[in-house]
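So the structure is just underneath, and the comments pick up after that.
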Amino acid sequence: MIHWIGIALFAAAAASAVRWWITRYDSLGRARSFPWFTIGFFVVLGIAAVTPWFLRIHLEHRLSDAASEVVGARVDVHCQAFGGAFFDVGAELGYVAFGPDGVPERSTLIKRNQCRDLSAYLRSTKEAPSEAHIIAVHVLSHEAMHMSGLTDEGETECLAVQRDYEMTRLLGAPEASARYLAVSYWQSIYPRMSSEYRSEECGAGGALDKGTPEAPWAITGTSFQ
């Protein structure tokens, strides 16, 4: 919504310039001064209004590219805008809508705070991610698994845990940092998830173990729990 305000401000600046051009001479033939202040004021406000929108679009493209690689098909990641966040009362950190046939759509909405954390993570060195950064990256992995067609939350969460390393690498982290993030989520955050998101089959040798070397239990050598 705010980017439309920016566009309106740019239009106002253009209208001011056109108006000056049409009336650049008064009735006595004297040249009118160019309205630098008015036009500059509109342009500065317009830039301030569209910059957050531009940065959000750039972030969405970056996240969509990473999620698409993980899913193996083109998917879209959208960040919640300020207006949506203002009226949002949901506890979820992101979600994928399911179609009438029960199949997840190839599009996800990541909540505003988590997109902010993802943006901060992308700008960081990625060597010592905060818990908020770790959770935000995993939310992207989790929603990517939904967009791949999974509907059960326990299965989705377990497969997302096994893709955190890949997702982190796609977001630009070096190998050691990606391993650290994947293991940190598995050891510190996964055990605190509600029972809906946890499964006894999630771990080394469990039914949900895909046998990938990047799974956190493969990285640490932990046994099936």
Practice task
Choose one answer from Arg56, Arg163, Arg123: the residue with the largest mean-square fluctuation in a GNM of the chain with alpha-carbon springs under 10 Å.
Solution key: Arg123
Handout entry: Sites Ala132 and Ala14 - FRET efficiency at Förster radius 45 Å, r taken between beta-carbons, to 0.05
Key = 0.60
Problem - Residue-by-residue Karplus 3J(HN,Hα) for region 60-77, coefficients 6.51, -1.76, 1.60, Hz, glycine and proline x - result: 4, 5, 5, 5, 5, 4, 5, 5, 5, 5, 5, 6, x, 7, 6, 10, 10, 10
Handout entry: Chain lengthening between Ser124 and Ala176 when straightened (0.36 nm per residue, less Cα-Cα)
Key = 17.2 nm
Problem - Under-5 Å amide H pairs with Gly94, H placed in peptide plane, nonlocal only - result: Lys111
Practice task
Step through the residues of region 153-159 one at a time and calculate ³J(HN,Hα) from phi using the Karplus curve (6.51 cos²θ - 1.76 cosθ + 1.60, θ = phi - 60°), rounding each to whole Hz and writing x for Gly and Pro.
Solution key: 5, x, 5, 4, 5, 5, 5
Completion exercise
Relative contact order as a percentage, the chain, C-alpha pairs under 8 Å and 6+ apart, gives 14 percent
Practice task
Mind giving me the nanometre distance, one decimal, between the label points for Ala207 and Tyr95, set 7 Å out from Cα along Cα→Cβ?
Solution key: 2.8 nm
Exercise for the section: Work out from phi, with θ = phi - 60° and the Karplus expression 6.51 cos²θ - 1.76 cosθ + 1.60, the ³J(HN,Hα) of each residue of region 166-173, listed in order in whole Hz, and give x for Gly and Pro. Expected result: 4, 4, 5, 5, 5, 8, x, 7
Fill in the blank from the handout: Per the rule of 0.36 nm per residue minus the C-alpha distance, extending Ala73 to Asn113 adds in nm 11.8 nm
Completion exercise
quick shape note, the chain: Cα extents on principal axes in Å, largest first -> 91, 42, 30
Practice task
Please determine, in degrees from 0 to 90 and to the nearest 10, the orientation of helix 131-147 with respect to the longest principal axis defined by the Cα atoms of the chain, where the helix direction is its Cα long axis.
Solution key: 80 degrees
Exercise for the section: Compute the FRET efficiency between Ile57 and Thr23 as 1/(1 + (r/R0)^6), taking r as their Cβ-Cβ distance and R0 = 35 Å, and round to the nearest 0.05. Expected result: 0.40
Problem - Theoretical gain in end-to-end length, Glu196 to Thr38 [0.36 nm per residue, Cα-Cα removed] - result: 51.2 nm
Exercise for the section: With both partners inside the chain, how many of the DSSP beta bridges are antiparallel, as a percent to the nearest 5? Expected result: 50 percent
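Readers should treat all values here as calculations from the given coordinates under stated rules, not as data from a laboratory. Note that this is a predicted model, so its numbers are computed, not measured. Every residue, glycine among them, receives a Cβ derived from its backbone with ideal geometry; neighbour counts consider all protein chains shown.
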